[in-house]
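K.L.:
Let me give you the structure first, and then I'll get to my questions.
The values are calculated or read from the model by the stated rules, or taken from the named source; none is laboratory data. Everything numeric in this text was worked out from a predicted model, so none of it was measured. Neighbour counts run over all protein chains shown; Cβ positions are idealised from the backbone, glycine included.
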Amino acid sequence: MRLENALRQHRRQAGLTQQQLAEACGVTRQTIIAVEKGRFNPSVALALRMSRHLGTPVHELFWLPVEGSEAE
């Protein structure tokens, strides 16, 4: 199952580029791109690092789609 996310919006609100967030979280820019586009679900540890660096609760960055709207 794919997670929904608002990573791009929160990253932009924080005034960070994809590269800056990637460096702060210890991943590549390509990882940030893949997460933002929904092609990659981050690990719990990565989601928590993103949350910390953006100053946003993790549940505001990532959530499960409404049941029945996504193939499980």
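K.L.:
Run V44 past the list (1) at pLDDT 95 or above; (2) surrounded by 12 or more Cβ atoms within 10 Å (Cβ to Cβ) and report the number of the one that doesn't hold.
P.N.:
So V44 meets the others, but not (2).
K.L.:
Sticking with this structure for a sec: Please work out if T28 is surrounded by 14 or more Cβ atoms within 10 Å (Cβ to Cβ) and among the hydroxyl-bearing types (S, T, Y).
P.N.:
Details: surrounded by 14 or more Cβ atoms within 10 Å (Cβ to Cβ): no; among the hydroxyl-bearing types (S, T, Y): yes.
No: the conditions fail for T28.
K.L.:
From the list L7, L16, which one is touching a residue at least 24 places away in the same chain (Cβ under 8 Å), in contact with a strand residue (DSSP E or B) (Cβ under 8 Å, 6 or more places away or on another chain) and surrounded by 15 or more Cβ atoms within 10 Å (Cβ to Cβ)? If you could, list the steps in order and put the result at the bottom.
P.N.:
Values: L16 fails: in contact with a strand residue (DSSP E or B) (Cβ under 8 Å, 6 or more places away or on another chain).
Just a single option satisfies the conditions, and that option is L7.
K.L.:
I want to confirm something. Restricting to the stretch 5-45 and keeping residues that are within 9 Å of the chain's Cα centre (by Cα) and among the polar types (S, T, N, Q), which single residue is nearest to P65 (Cα to Cα)?
P.N.:
Among residues in the stretch 5-45 that are within 9 Å of the chain's Cα centre (by Cα) and among the polar types (S, T, N, Q), the one nearest to P65 (Cα to Cα) is N5.
K.L.:
Might you check whether a residue that is in contact (Cβ under 8 Å) with a residue 12 or more places away in the chain, among the aliphatic types (A, V, I, L, M) and not in a helix (DSSP H, G or I) occurs anywhere in the stretch 29-51?
P.N.:
no
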